[in-house]
Each structure stands twice: as structure tokens, then as C-alpha cells.
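Let me begin by presenting the structure, written as C-alpha cells, before commenting on it.
The values are calculated or read from the model by the stated rules, or taken from the named source; none is laboratory data. Given the structure is predicted, the values throughout are model-derived calculations rather than measurements. All Cβ positions, even for glycine, are placed from backbone atoms using ideal geometry, and neighbour counts span all protein chains on display.
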Amino acid sequence: MTEKTSPGLADLTGLVGGIHQDIDAREAMRQVARLVEFDRYQGSSGIAAAADFVADEAERAGLADVEVLSFPADGRTAWWTFTAPAAWTPRGAHLSVVGGPPLVTYPAQPYALAANSAATDGRAPLAVAQDPKWPPGAVVLVPSAADLDGELFARMRAEGASGFCVTTHPDRHDQVGRLELPATSGLFGFSVLPDQLDELRNAERRGERVRVVVDIDTTPGRMPVVVARTPSGSRSAPDACLIGAHLCHPAPSANDNASGVAAALAAGRALARRSLRRPVRFVWAPEFVGPAAYLHQTIEAGLPLPAMAVNLDMVGEDQRRCGGPLVVEHSPEYLPHFANAVVEACVRALPPAARSYSGVVDCDVWAWRTTPFVGASDHAILADRSIGCPAVQLGHWPDRFNHSSADTLDKVDPAELRRSAAIAASAAAVVATAGGRDADRIAELLTRWTARRMTACLPPTDDPPARARLTRRRHYGLDALSTLRAFDASERVLDRQATLLDGLHRTLSAAWDDDTATAVPDRPRGPSLRRAWPGPFNLRALMGAADEKDHQWFLRQLTVDRGRFYASAMALAQSIDGTADARDVVRVAALDSGIPLEPEFGERFLAAMTGAGWVHEVTAGTAPERGTS
């Protein structure tokens, strides 16, 4: 195989165009088609088989040092606060009204069986969730996923229910959604279509019973993590970039996340053919817990972390069918780095699918957006303050088929898969080849990117903290420039770019009226908050450590708006820097996430963290609010 030399930032359009041409979309789709056949539960034989398949494909792609790392799947071993999945492989399940044909069957009906369901084989009475009393061993009929809350689970345990059936998509008659039970719940669950639930309700009214069979293999197994690296790049040099994609989720889960796994393989194939100064690392693992185990092992061994990371999660969506654009989720604001600017530049440099009538303007029919850091996938582990590896995510949102049986191969667009793989590979190639003049070009690119972000804060705006955000973005740009010293950027170039950002800040600051520049008065300062939990933030573990009152509050917030609550929790936890008090933590979290956090909500969340022992308060004096001028 002939090795190619990357042009780097000297010709970014040429680099991205060349890598885009190297991405074999047909091969990637073949891999997606194979992956959707595996039930990829985290502690299952299915994910072990999928990992072996990925390792074989990585070797075929020309990657080096391919290995399937094996971690316990015992439900007990922990890496920081992330606990290993329990061994759980479903062999089959069905539910029928006694005397009738099977009504719900698994695996014929994907996603029908709740993950971690308990094994059973027998007959049971039916009960409606709203009934004041259930018969012993009842299968409870739940009208919607919103009703499947902590209170109902507590009642099922207290009254000895054996399991439940619920409609996760009451308005859809062609798909069911994912359910996940705690490994020790002792319950089974079925995700059913609305007409299936109606049939069960009718059976309950007639006093009929159901026959339920759930066949589970809990033989101790392994949690696999597949790792590889590019063949070129000095082995003594730290990894330039880590490209990751989570391997788990039940079949079919085509876009979430078979598409990400295949895109990472495609990126690996393209990079394996290129001459790189530094290696690029690849990691395929069960979501959250896999990267936690891998990074824990890496840090324990004293090995260096990569310079940056790109996470691929839900990257193959057919935008018209699934409903969402490609989203570039930035690495967090507390980790200033050039990664965001490089990834965005690679998106902009993709070959256009079409041009305007005159040929002057690109006229692509696909869309992309950027968002602040949320951390709802593996990049959160890398980018956590305790780890400190800048990590950008590529994905799609919204996706009307996400976490449902309708996330099938026909929802994957080969062209979108190719674009995503090309972006990740191109960004990694830039960092893997950067040095000297290339690092200077990254500095110039970073300054332009920062200038766009600063200019976006200009008034008039309906964003009250815009001026504070302007200043924070200037500081981010200046600090990010300094990271390029590790790549031999010229001090003269770095100084010039810093001067440009300082001048732009002065110019933009003049756009505000003088009264908005009034200094914020001193206020009584509360105790500083310090992290007391080990390793990366883990909302699920925090909820498990909270007392019952706080646990129920968490559950209510998740029921109201799961995505917003998760993003708010992540922003608040990551804004705890050891010096800020609760009010400062809430304000900084709102600035960096873009979420208008109410002080009462933020302080309530932080109080719950303190009560769980995850945050320590350290008495402080009086100080002005920080970062507002």
C-alpha cells in the first residue's frame, strides 16, 4: 500500500478533499449492515462478538497494534464511579395471553425486551398501573414511559409485581423504544406497540392471565474494548488524536451507533495510508463505562493522554428521514484548545455536493450546526476536568428514530457517513502532522475562529450575559493559542495572534453603553465548592449516592426534560473548579453551556451534590463576582 503525505493546513481543502475521496462509503455500509445483526448489550456475548468483528476489520483497514482488551462484566468492578455491566445475554422472550398466540416476541421484535430483565417462565395475572391494588406477581400495564417513574418502580417492588409492559411511543404503531432496568431489579419489562397494550388491557378486563418466558444467559463474560493505532507516527510520541465510537446498544441500532463504529473504521483506513508524525489512536468500547475502564488503565500505567479526541456518535443519519443536521459539539470551555477550530475548519473544507448557478457559492443539500459542550456520550469521560483531554463530538440531533426499533439500516445515508468519517480523519491528520509552520497556520485559523465567536456576542442581543461571554471567549482564544507551543508554533506568530484578539476585544467592548461596563459590586461570598468524587462526573452514580429526597428530585427533573436536565447537571458539575462558590458555579455553567440556569435550580442541584458527599464546601471570604468585565 502506497503511503500518502498529508498536505496539512498548507492546503486544508486538498487534505480534506483527498481524505474524503479515500473514504469507502460502500465498505462502511457493509460494516454497518453486519453490526446491526449483533445485540450489543454491554455485558453480553453479542458485544463480545461485535468487538471481535471490529478488531478484524481494523486489521483489514491497515491499523496496527489491534487488540481487544478484556475487562470484567461482573456488575461489581468499578473504575472511579463507573461500574462494570453485569453479564446479561438475552436468548429469547415472549409474552402471550394464555391460550393465544405470542403477542410480543424477542428478538423477532427488536427492542421489545428491557435490558437487564430478570429470567422467568410461567403464568401471571395482569394489572393496570393506576389500579389501587394489584394481585401478587402481576404484570403491570403502563400507559407511557413518562408513567414509568421511581414511584411506580418502588410500588412494583413493594407489591411483588413480576414485570411490566409499557408503550414508549404511544403515537407510533411501527416502533418501540429502548428500556433499561437496574441489573438487580428482579423485574422483567416489555416495550410494546399501542395496539399490543390495548390487547393486553382487554385481556385484563376479561380477567385473563398471560404466559411469560424470558430466557437469559448470565454466564460470567467480558466487557471488550477494541484499541488500535495508525501504523505511522513515532511510537515514542503521545497520540495526536483519539478517535472513538461507542460499540454498544441492542440490535439494530444502525445510527446509534453502528454508523459511528463504521465511520471510525473508515477514518482508520484512510489514515493508515498516510505518513504521520504522531500516531492516531482508535477506541471502540461500551458507552461511558468502556472509556472509563480504558482511561483508568491508561492513567494507572502512567501513559500520556492524546492531544485531543473526536467522538463519533450517531454520525450516519439520513438528514431528511431522521430529522436532524450534523452537529459539531464543542469541547468544553474550561479546556481551551485548538480542537474546536480545527474540526470546524475541516467541516467547511468538505467538497461541496453542488454549486450555485454561477459556480461561486456552495449549495450543499445537507446541514450542520455547532453547539456548546453537553457531554452525553464518551467524549464526556475524556473532557472531564479530572482527565483534561479536549474532545469534540460529531453526531446528529434530533433523530426521530433514536433508541427505538426503527433505527434500522435504511436510515443510514452513505454520503453522510462518508462526510463524518472524513471530518474526523482530517482533523486527526492535521494534528498528527502539525509542526512549525503548520502549527503557525493552526494559530491563525484559531484566531479567525475565536474572532467569529467574539463577534457573535455583539449587541443588540437578547442574551443578557453577552458581554461576559465576549470576555470569556477572548480568554479561551488566548489560552488555546498557548497549547500550540507543544507543536513548535512560532512565538512571534502566537504573539501577533494574541495582539489581534486583544484589539478585537477592545473594539467590540466599545459597542456597549457605558452603564453596562459598571463594575459588579462586591457581595458576600459563600463557601468555595470542591470536587470530592473520583474521576469523571457520572450523573447515574451521583443519583445512586443521593438520599431518597434528592434522588426523587433528580427523577422528577429527568421526567420533565431529560436532555436539558442532563446537560444542566454536566455544566454545573464541570464548573466546580475549587475556587468558585455556588452562585459563581451556576453563573459560569450558564455562560458556558448557553442554558439559562435559574439560580434556585442550580443551587438546589449543588446542595444535592454536597449532601451526597460529592462536593466539599471550603469557607471563603468576600470577593467580587468573577469574569463579568
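Which ones in region 182-200 are crowded, with 20+ Cβ neighbours inside 10 Å and closer than 27 Å to Glu548 by Cβ?
Within region 182-200, Leu187, Phe188, Gly189 qualify.
Only one residue in Val98, Val68 is β-branched (Val, Ile, Thr), in the same structural domain as Gln175 (by TED's automatic domain parsing) and touching an Asp or Glu at 6+ places or on another chain (Cβ under 9 Å), so which one is that?
On inspection, the qualifying residue turns out to be Val98.
If you scan region 92-144, which residues turn out to be touching a Phe, Trp or Tyr at 6+ places or on another chain (Cβ under 8 Å), on the phi < 0 side of the Ramachandran plot and of a type in the set (S, T, N, Q)?
If the condition is that a residue be touching a Phe, Trp or Tyr at 6+ places or on another chain (Cβ under 8 Å), on the phi < 0 side of the Ramachandran plot and of a type in the set (S, T, N, Q), then Ser117, Thr120 are the ones that fit.
Mind counting the residues in region 103-119 that are surrounded by fewer than 20 Cβ atoms within 10 Å (Cβ to Cβ) and under 13 Å from Val214 (Cβ atoms)?
4
Output the residue which, of all residues in region 100-121 that are of a type outside the set (Gly, Ala, Ser) and not in a strand (DSSP E or B), is farthest from Ser253 (Cα to Cα).
Top of the filtered list is Pro101.
Let me spell it out: the conditions are (1) modelled with pLDDT under 95; (2) crowded, with 18+ Cβ neighbours inside 10 Å, and Asp550 meets all of them except one. Which number is the exception?
So the condition that Asp550 fails would be (1).
Would you check if there is a residue in region 394-407 being within 30 Å of Ala489 (Cα to Cα), at pLDDT 95 or above, touching an Asp or Glu at 6+ places or on another chain (Cβ under 8 Å) and not in a loop (DSSP other than H, G, I, E, B)?
yes
Out of all the residues in region 133-147, is one or more small (Gly, Ala, Ser), at pLDDT below 95 and surrounded by fewer than 17 Cβ atoms within 10 Å (Cβ to Cβ)?
Yes, the conditions are met somewhere in region 133-147.
Touching a Leu at 6+ places or on another chain (Cβ under 7 Å) and of a type in the set (S, T, N, Q) - does that describe any residue in region 399-408?
So far as region 399-408 goes, no, none of its residues is touching a Leu at 6+ places or on another chain (Cβ under 7 Å) and of a type in the set (S, T, N, Q).
Since Ser358 meets every condition but one in (1) surrounded by 22 or more Cβ atoms within 10 Å (Cβ to Cβ); (2) over 17 Å from the mean Cα position of the chain (by Cα); (3) more than 22 Å from Ser575 (Cα to Cα), which condition does it not meet?
The failed condition is (1).
If I go through region 491-504 residue by residue, how many of them are within 35 Å of the chain's Cα centre (by Cα) and over 15 Å from Arg448 (Cβ atoms)?
1
Against the condition within 30 Å of Ala262 (Cα to Cα) and either free of Cβ contacts under 8 Å to residues at least 60 places away in the same chain or in a loop (DSSP other than H, G, I, E, B) (or both), how does Asp198 come out, does it pass?
no
If you take the residues of region 214-270 that are within 26 Å of Thr105 (Cβ to Cβ), among the polar types (S, T, N, Q) and crowded, with 24+ Cβ neighbours inside 10 Å, which of them is farthest from the chain's Cα centre (by Cα)?
Per the criteria, the residue is Ser253.
If we scan region 569-591, do we find a residue that is surrounded by fewer than 18 Cβ atoms within 10 Å (Cβ to Cβ), without any contact (Cβ under 8 Å) to a residue 24 or more places away in the chain and in a helix (DSSP H, G or I)?
no
Which one is nearest to the chain's Cα centre (by Cα) among residues in region 415-462 that are polar (S, T, N, Q) and closer than 20 Å to Pro390 by Cβ?
Ser420
Quick one: how many residues across region 270-298 are touching a Lys or Arg at 6+ places or on another chain (Cβ under 8 Å) and among the charged types (D, E, K, R)?
Final tally of qualifying residues: 3.
Go through (1) more than 29 Å from Arg540 (Cα to Cα); (2) in contact with a Cys (Cβ under 8 Å, 6 or more places away or on another chain) for Thr13 and report which single condition fails.
Among (1) more than 29 Å from Arg540 (Cα to Cα); (2) in contact with a Cys (Cβ under 8 Å, 6 or more places away or on another chain), Thr13 violates only (2).
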